[in-house]
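The values are calculated or read from the model by the stated rules, or taken from the named source; none is laboratory data. Worth saying up front: this structure is predicted, and the values here are computed from it rather than measured. When we count neighbours, we look across all protein chains shown, and the Cβ atoms used for this are built from the backbone with ideal geometry, even at glycine.
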Amino acid sequence: MSVINDSVKVKGSGAFLVNGEIRDTSPVTKEEGIKGTMAYGILKEHNLSDNMDKLNIRFDCLTSHDITYVGIIQTLRASGIERFPVPYVLTNCHNSLCAVGGTINEDDHVFGLTAAKKYGGVYVPPHQAVIHQYAREMLAGCGKMILGSDSHTRYGAIGTMAMGEGGGELVKQLLSQTYDIQRPEVVAIYLKGEPSFGVGPQDVALALIGKLFADGTVKNRVMEFVGPGVSKLSMDFRIGVDVMTTETTCLSSIWVTDEKTEEFLAAHNRAGDYKKLTPEENAYYDEVVEVDLGLIRPMIAMPFHPSNAYAIDEVNANLGDILHDVEERAKVSFGDRVQVDLTKKVRNGKLYVDQGIIAGCAGGGFENLCAAADILDGADIGADEFTMSVYPASMPIYAELIKNGAMMKFVDAGVVIKTCFCGPCFGAGDTPSNNAFSIRHSTRNFPNREGSKVQNGQIASVALMDARSIAATAANKGCLTGADKLDVKIGEYKYFFDSSIYEKRVFDSKGKADDSQEIVLGPNIKDWPNMVPLTENLLLRVASVIHDPVTTTDELIPSGETSSFRSNPLGLAEFTLSRKDPEYVGRAKEIRGYEEAREKGADAFEETKKSAEDLQKAWDVIGQNFEGVSMENTGIGSCIYAVKPGDGSAREQAASCQKVLGGWANIANEYATKRYRSNLINWGMIPFVIDKGELPFDILDYIFLPDVRKAVADKADRFKAYALTADGIKEFELSTGDMTDHEREIILEGCLINFNRKNK
């Protein structure tokens, strides 16, 4: 961690930006200085409330891809949508291969195209562009705000405050509702110096993540990039750093804009979208992170998290200790179900990897691929175990790489060129062999995110690196090598954007809806099941207990081949927690059966209790200790406990799958991201928080919450709860933290769909 600690320093307190420098004092007050950040100005322009502490945000544009847009549009259809009131772009970069599930994936694409026609949207066909590259090229502009149903919705380098959220938040925007949040704090990311040879944007990003993630320095805050170092970075470099800010758990990001930003927009035929953004003099920041770009070296994030970051030199110098640490981390996530053995990758004191991938919104940019091609020019990756693939982020980039010769450099080196596809980032493309070690310029390296299945005895490991060092490693036939170690020349190439590529293939309604268009529904596309409003009391049964320090959305609902079922709520739910707790689905279904019997009436419920000894015992204990509790006023559902759930993806299915299986709550010590907590609320699940310490309950125990509906309606943030255990009743307390009135109404109605039906 020495390179990280030397290059990234957290001040530990707020400060002012005065004459371009960080100062503890200023001629203005903190309250006035807060108004001087770029973030404050953009939020103010998009806030519909008269209170800058409680924001009601309306976004300029929305984006989704083919894992998320079907569920969003199905929710909208259930809510009575007639047209999209703001530009809404539907891209197809996740289910692009159509390789799993028969016609399922392409059926989703046809659904998306017909929805874009009917409601007035934009449809980007498969293999044309990954979602974020299309947004950079065609949508982002200075001072704008964009909301996307993908966690890496980050366009701050182009002057756009962008946020990734679950589908429910996009539904609200498309129904002319607002994004309601407390005004976020703003952290200055003060860049100075300039990168040394061989250092790319992923290296800078990993240094930031390695320093900021664990301590929550920027959690739910806005990262505002300022300082003299910004001007030393190209636009592609800034974009490459910016997209990875998601992994710090920040809310959003914004960068100062300059002539390079102006040139970027002009090159994409959108010069009118440029305006200069810079903090006002004496702007105040709630925290300051100083980054010396010149001290950063080629980096690697070892498995199984982007924050597990080191300089490549540090790894090569301490292979035994660091590889052992990774293997110990694996035991926390996998127990004894699989064996991670990376020490076998060490030969003659050097670490050899099996695969290199440069792909997606983080790695597939023009400059990254040109640099990698130059490093591989005249080399070859060999004919042994090591393989390498590259995925350009858009067809305009792909075309330019053909024209400037970069593609032939890759082909001559033995690299495979693939299409504009996000698959390697989430386990739907280039899945490695069992116990293989892959290095990737992509966004995440969570457990199993590369596509292996622990439940089937499979495991592979992914480390994140910059395209330049991946190419250097490939040139050394898989021997881990930083790009700074090679004597090569990396050229500078001008990018020429060809808009005609999109004009020929992208459907753009220009905002005009076509009422006569029928939505085409494939056989896998299903409506959401019925969900009941919150009952007066709740009886929860704990269906899973997860003690890992962090639980990712990939563990809550796996990515990869399961994406084919994202348009089928009940079908997808079968995979919930399958790689973390394979018994969860069966437990949740059993508990859901209790609730289904309750909803059918007294006879069905009595019959169910006779065959369910656990339910009968719990019901008897409640009846003996609480007055007024009845079958009619007490809902029965499942819940999970996890220490810190929700790190990673914005996919709402991490919550909706629990809901359709009968889930009514999560209990956590804290939530890793705002977006996961929002997803729970939008699906009518209460995001409870419990203080750290010994749990008063265990798996399969019941938890009774009397008068829970009244407490939510009365805006309580503390709830009395009772664990029904083998040792008797244990009273304890849960909380929810701040919730908006809108969020409470959604909880009371049972989910966002019910809320919208009631209020349309």
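Here are a few things to note about the model shown:
- The criterion of being under 30 Å from Lys580 (Cβ atoms) and modelled with pLDDT under 90 does not hold for Asp354.
- Meets criteria (in contact with a Gly (Cβ under 7 Å, 6 or more places away or on another chain) and not in a loop (DSSP other than H, G, I, E, B)) for Ile22: no
- Members of segment 720-730 found to be assigned to a strand (DSSP E or B) and either without any contact (Cβ under 8 Å) to a residue 12 or more places away in the chain or closer than 30 Å to Gln177 by Cβ (or both), listed by number: Gly728
- Residues satisfying the criterion are present in segment 418-426 (criterion: more than 21 Å from the chain's Cα centre (by Cα), surrounded by fewer than 24 Cβ atoms within 10 Å (Cβ to Cβ) and either at pLDDT 95 or above or closer than 14 Å to Ser96 by Cβ (or both)).
- Some residue of segment 531-541 being under 27 Å from the mean Cα position of the chain (by Cα), outside the structural domain of Ile753 (by TED's automatic domain parsing) and of a type outside the set (Ser, Thr, Tyr): yes
- Of all the residues in segment 499-512, those that are part of a loop (DSSP other than H, G, I, E, B) and within 30 Å of the chain's Cα centre (by Cα) number 5.
- The lone exception for Ile72 - which of (1) in the same structural domain as Val288 (by TED's automatic domain parsing); (2) within 15 Å of Leu147 (Cβ to Cβ); (3) touching a residue at least 24 places away in the same chain (Cβ under 8 Å) it fails: (1)
- Remark: Ser389 falls outside the filter, which requires a residue to be outside the structural domain of His65 (by TED's automatic domain parsing), modelled with pLDDT under 95, more than 21 Å from the chain's Cα centre (by Cα) and surrounded by fewer than 24 Cβ atoms within 10 Å (Cβ to Cβ).
- Only one of Glu450, Glu503 that is among the acidic types (Asp, Glu) and closer than 21 Å to Asn368 by Cβ: Glu450
- All of Gly148, Gly166, Gly200 fail the test of being modelled with pLDDT of 95 or more and farther than 30 Å from Thr481 by Cβ, apart from Gly148.
- Count of residues meeting criterion [closer than 16 Å to Phe446 by Cβ and part of a loop (DSSP other than H, G, I, E, B)] in segment 549-580: 10
- Number of the exception - Asp484 against (1) touching a Leu at 6+ places or on another chain (Cβ under 6 Å); (2) in a helix (DSSP H, G or I); (3) in contact (Cβ under 8 Å) with a residue 40 or more places away in the chain: (1)
- Restricting Glu590, Glu574 to residues that are surrounded by fewer than 22 Cβ atoms within 10 Å (Cβ to Cβ), closer than 25 Å to His94 by Cα and free of Cβ contacts under 8 Å to residues at least 24 places away in the same chain narrows the list to Glu574.
- Which listed residue is within 14 Å of Ser2 (Cβ to Cβ) and either crowded, with 21+ Cβ neighbours inside 10 Å or assigned by TED's automatic domain parsing to the domain that holds Ala188 (or both), from Ile312, Ile322: Ile312
- Residues of segment 87-122 satisfying the condition of being among the hydroxyl-bearing types (Ser, Thr, Tyr) and crowded, with 22+ Cβ neighbours inside 10 Å: Tyr88, Thr91, Ser96, Tyr119
- Enumeration of residues in segment 487-509 that are over 30 Å from Ser438 (Cα atoms) and without any contact (Cβ under 8 Å) to a residue 40 or more places away in the chain: Lys494, Ser500, Glu503, Lys504
- You will find that of Asn530, Asn524, the residue that is without any contact (Cβ under 8 Å) to a residue 40 or more places away in the chain and of a type outside the set (Asp, Glu) is Asn530 and no other.
- Count - residues of segment 392-417 that are touching a strand residue (DSSP E or B) at 6+ places or on another chain (Cβ under 7 Å), within 30 Å of Thr248 (Cβ to Cβ) and touching a residue at least 40 places away in the same chain (Cβ under 8 Å): 2
- Close contacts from segment 254-276, counting a first residue that is surrounded by 15 or more Cβ atoms within 10 Å (Cβ to Cβ) and a second that is among the acidic types (Asp, Glu), with Cβ to Cβ under 7 Å and a gap of 6+ residues or different chains, come to Ile254/Glu224; Trp255/Asp242; Leu265/Asp273; His268/Glu137; Tyr274/Glu262.
- Asp412 vs. criteria modelled with pLDDT of 95 or more, among the acidic types (Asp, Glu), assigned to a helix (DSSP H, G or I) and in contact with a Lys or Arg (Cβ under 8 Å, 6 or more places away or on another chain): no
- Just one of (1) among the acidic types (Asp, Glu); (2) under 22 Å from the mean Cα position of the chain (by Cα); (3) farther than 23 Å from Ser96 by Cα fails for Asp430. It is (3).
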